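The values are calculated or read from the model by the stated rules, or taken from the named source; none is laboratory data. Please read all numbers here as calculations on a predicted model, not as lab measurements. Here Cβ is always computed from backbone atoms with ideal geometry, including for glycine, and neighbour counts include all displayed protein chains. Heavy atoms of the whole protein, side chains included, go into the accessibility calculation; ligands, DNA and RNA do not. Shrake-Rupley method; radii C 1.70, N 1.55, O 1.52, S 1.80 Å.
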Amino acid sequence: MKSRIRFFLIIFILFEFSGCKNDKHNEYDYLNDTLEKIHMSLNNYSIILVIPNEGCSGCIKEATQYAIEKVDAIDKETTAVIFTGIGDMKLFKLHVDNSFLVNRNVFIDDNNYFMNSEVSSVYPQTIKLKNRKVISKEVFDRSTFDNLLLVN
Amino acid sequence: MNRILYIGLFFCFFCCSEEKKTFFIPENNSKIFENKYAFVEVDSMSFPIDSITTFWHYSSAINKIDSDSIYFYSYINSFDHSINYSSLDKQKTKKIFANLKNESKLNLISETSTHLFINPNQFFIYSLDTGKLFHIDSIGNIKNEYGIVDYNNANNTSLVFPEPSSMNPFIKSNDDILFSCGIKSQIDYSGIGMVLKYNLKNNEKKYILPLPQLYNEAFWGSPFKYLPSFALNPNENILAISYPISSYVYRADLNGNIIDSASVGSKYFSKIEPMFNDVEYAIKTDRDYGEEDIFSFSNSDFSKLIYDRYKNLYYRVAFIRPNENEVKIGDKIPDFSIIITDNNLKKIGESKFSGKIYDVSMMSVTEHGIWLPRKDYYTLDQSKIIFSLFELKKI
């Protein structure tokens, strides 16, 4: 009886551990799939800034302003910007000039794939990729993003 | 071994499956009713909009000036901080730039400002950001300014704050302005009035009509589940009030004394469930707002209440929300129905509408019927907003 209990306990612990590891792995896989759905080239980038249309309005404004300021300075081969959750394109273009939107590394998530709760956030997100695989996702921060741009 | 297994299973079952309270909506006057009327689309009306005007407005309305029998469509354009209006016959939009700036020189006609169109010569504007109400004239001059909420006062311990919008517009009844209020999270909502009555002559404030006891029995989700909608019958000076998670509509006098109530439900959903049975979840510091969103947008509820003064009827909006999986993939937009009752809150009809086509938050009522703006037409042509007119027809 004791050995059976010990056996089930070990199975339980292993199951819990594998669950934890799997969650992150699955989330990043899901992110890769989402990026590919938006545009097949997105997994080629090293850094992606995802900006939602709804959420923390101050954070969204800051991230948008940052992207516009940096658009000419950043490497368009390695860094991309995605806008998601846009309901009214006319409204969106009142706030974000078309001259910025026509850059080849700026994407609109027309089908709102990033609004799926698996990947959505009320905050702008910085996604890092290596060899076409997502390796991290974190809330956008201006100085952290600046450092990433320097490294890349 | 078996004993241990059974004990373990018993504890698992007991601990993991606390049953949620369920509040069933009475079938009478919801599923069972005398179905006499329905809304039928009969006409449409198009309003041209300029390059800086978009579809959705936090504050918009179609109003009739009784003395002239002219209808006006008015809205706040937060992009250029203006009030815009156009009459149905002239179709030309007029803009008013009110001279409203606060100490920081920020324009007080913002994304969360709301307005009340009295006539082309006078408007009221409520600035949610500053808690001030302004009475302005046809060229934007301030005729009067009223302090509704003092956010800067450290002694202000008010738990409720006016939160008007197109969905819950503020209204004027003689010298009173009435606001629907939002509330800070509580564990006891007893006695907290959710409608603010503000007197323009003596500046007296009175909070009337508290949330029903149902709110003390569980936690219901996002703040919009706590926001009431009211409608005024100006002929009888009766306020009718609707709460998102209660099937009951209450009627009261203008002092907040309840006259009667009736369950007025939708035939599209038969129950309302809270998010958690524990009302104290509301004051937890580690609330999961993402989960609250998913729950709130996937559980049907009630919303806007309108009194049709032309037909002496009430219209109650019910949101028929998508399921949890649909919300999780980003599909939050609900369909809605408009429940029709007579003056005694007896249900006489219900019509369903697609939330992807019509925007109920900007719905208006005139003597011809109800006007609903078309999202689908706007997607095709962003130079105009088209309203569909629905007449009430006998079935």
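Summary table
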read-out	value
Inter-chain shielding of B:170-177 (mean C-beta neighbours from other protein chains, 10 Å cut-off)	0
Centroid-to-centroid separation of region B:36-71 and region B:125-204 [C-alpha atoms, Å]	25 Å
Amide N of region B:143-182 lying under 12 Å from the label point, which is placed 7 angstrom from the Cα of B:ASN203 along Cα→Cβ	B:145-150
For B:ARG321, residues with placed amide H under 5 Å, excluding near neighbours	B:SER300, B:ASP301
DSSP beta bridge pairing in the protein assembly as shown, given as percent antiparallel to the nearest 5	90 percent
Where trypsin sites (Lys or Arg not before Pro) fall in DSSP loop in region B:253-294, at most 10 other Cβ within 10 Å	none
Per-residue HN-Hα couplings for region B:367-383 [Karplus 6.51, -1.76, 1.60; θ = phi - 60°; Hz; x = Gly/Pro]	5, 7, x, 9, 10, 10, x, 9, 6, 5, 5, 5, 4, 7, 9, 8, 9
Cα long-axis angle, helix B:2-16 against chain B (0 to 90 degrees, to the nearest 10)	20 degrees
Region B:276-382 - accessible surface per residue (Å², probe 1.4 Å)	40 Å²
Charge sum, other residues only, whose C-beta stays under 10 Å from B:ASP176's C-beta, Lys/Arg counted +1 and Asp/Glu -1	+2
Stokes-Einstein D for chain B, Kirkwood Rh over Cα pairs, 10 °C, 1.306 mPa s (µm²/s)	71 µm²/s
Under 22 Å, Cα to Cα: Lys pairs in region B:78-188, sequence gap 8 or more or different chains	12
Size of the A/B contact, given as accessible area buried on both chains, probe 1.4 Å, in Å²	1200 Å²
Per-selection Rg to Rh, region A:44-108 - Cα, Kirkwood hydrodynamic radius	0.93
Compactness relative to 2.2 N^0.38 Å, alpha carbon Rg of region B:30-155	1.28
Shape category assigned to the protein assembly as shown from the gyration tensor of Cα positions, a/c cut at 1.5	oblate
Accessible surface of chain A, 1.4 Å probe, proportion on carbon and sulfur as whole %	54 percent
Protection proxy ranking of B:200-209, A:42-51 - average other beta-carbon atoms within 10 Å, highest first	A:42-51, B:200-209
At least 30 Å² accessible surface lost relative to isolated chain, residues of region B:312-340 (1.4 Å probe)	B:LYS328, B:ILE329
Peptide B:288-295, shielding by other chains (average Cβ, 10 Å cutoff)	1
Computed over region B:224-328: relative contact order in percent, which uses C-alpha pairs under 8 Å that are six or more apart	25 percent
Dipole-positive endmost among B:VAL42, B:ILE338, B:ASN255 within chain B (Cβ charges, Cα centre)	B:VAL42
Burial of 10 Å² or greater, region B:14-63 residues [accessible area, probe 1.4 Å, versus chain by itself]	B:SER51, B:ILE52, B:THR54
Relative contact order (percent, whole number), chain B, Cα cutoff 8 Å, 6+ residue spacing	18 percent
Peptide-level mean, for A:114-120, of C-beta atoms on other protein chains within 10 Å	4
Efficiency of FRET from Cβ geometry, A:ASN152 and B:ILE357, R₀ 56 Å, rounded to 0.05	0.80
Considering only chain A, percent of DSSP beta bridges that pair antiparallel, nearest 5	55 percent
Shape call, region A:30-152: gyration tensor on alpha carbons, a/c limit 1.5	rounded
Solvent-accessible heavy-atom area per residue, rounded to whole Å², over region B:124-176 at 1.4 Å	46 Å²
Euclidean distance of C-alpha centroids, region B:300-354 and region A:86-152, integer Å	36 Å
Sites matching GluC sites (Glu not before Pro) across region B:322-376 that sit in DSSP coil, with at most 15 neighbouring C-beta atoms within 10 Å	B:GLU367
Charge-dipole axis of region B:179-288 as Lys and Arg at +1 and Asp and Glu at -1 on Cβ define it, positive-most pick from B:ASN203, B:SER270, B:PHE179	B:ASN203
Residues losing 50 Å² or more accessible surface upon assembly, region A:71-99, compared with the chain by itself, 1.4 Å	A:ASP88, A:LYS90, A:LEU94
Spin-label pair B:LYS394/A:ASP33, simplified geometry with 7 Å Cα→Cβ offset, distance in nm	5.6 nm
Ranked by how many other beta carbons lie within 10 Å on average, peptides B:251-260, A:97-106 from highest	B:251-260, A:97-106
About the Cα centre, charge dipole magnitude for region B:226-365 (Lys/Arg +1, Asp/Glu -1 at Cβ), debye	620 debye
Nearest-0.05 FRET efficiency for B:SER110 and A:MET40, computed from C-beta distance (R0 45 Å)	0.65
Rounded to whole Hz, the Karplus (6.51, -1.76, 1.60) HN-Hα couplings of region B:40-54, x for glycine and proline	10, 6, 10, 7, 8, 9, 10, 10, x, 10, 7, 5, 10, 10, 10
³J(HN,Hα), Karplus 6.51/-1.76/1.60, whole Hz, each residue of region B:317-332, x for Gly, Pro	8, 10, 8, 9, 7, x, 7, 4, 5, 5, 5, 5, 8, x, 8, 9
Partners for B:LYS356 among aspartates and glutamates (Cα-Cα distance below 17 Å; same-chain residues under 8 apart left out)	A:ASP88, A:ASP110, B:GLU41, B:GLU326, B:ASP331, B:ASP335, B:ASP376, B:ASP381
Share of carbon and sulfur in the accessible heavy-atom surface of chain B [1.4 Å probe, %]	51 percent
